[in-house]
Amino acid sequence: MDNQYLCPHCRGHLRVGDFIIFRIRNNRREKGLLLLHPEVGNYSSIKHPKFHFEEGERIDFYCPICMQNLDAAMDENLVHVLMIDPDGNEQEIYFSRIAGEKSTYQVSPEGVKATGEHSHRYTHFKMSDELIQYLNT
Ligand SMILES: [Zn+2]
């Protein structure tokens, strides 16, 4: 498992050691850092115990390097990053920014791979041909 993660804006590396690092903001506009597991479909995360958010809360994700917002253009509930797999292939990764929602989509020229028990919620990814067309425009 050697996936690398890049910010789609600055292409800075978001993975350090065994974590992907994000700057986040909760509904009360409090800022913090969130560490996510680099394995797709592993939803374990680490944050400071004093930084709180509730299940169902929509968290803002930012690149900790360039500070750009990582919202996906096609859906305001999804975060967009790039992943380089161990073979050097680049894929688009989309995941839910709703706390507790387990939905991840890997988009590559071969198609879309959905992971997570809530991945049926974002139906654009069922229309994968149209999505790929959208991503290429
Ligand atoms: Zn960036």
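So here's what we get for this one:
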read-out	value
All positions within segment 14-46 that are open to solvent by 30 Å² or more (accessible area, probe 1.4 Å), within 16 Å of the ligand (Cβ to nearest atom) and touching a residue at least 40 places away in the same chain (Cβ under 8 Å)	Ile21, Arg23
Unique residue being among the aromatic types (Phe, Trp, Tyr) and at pLDDT 90 or above when the list is Phe125, Phe53	Phe53
Strands (runs of 3 or more DSSP E) enclosed by segment 47-101 - at least 3 residues per element that are in contact (Cβ under 8 Å) with a residue 40 or more places away in the chain and more than 16 Å from the ligand (Cβ to nearest atom)	75-84
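The values are calculated or read from the model by the stated rules, or taken from the named source; none is laboratory data. Keep in mind that what you see is a predicted model, and the values were worked out from it rather than measured. Positions of Cβ are backbone-derived with ideal geometry, glycine not excepted, and every protein chain shown enters the neighbour counts. Accessible surface areas use protein heavy atoms only, side chains included; no ligands, DNA or RNA. Shrake-Rupley method; radii C 1.70, N 1.55, O 1.52, S 1.80 Å.
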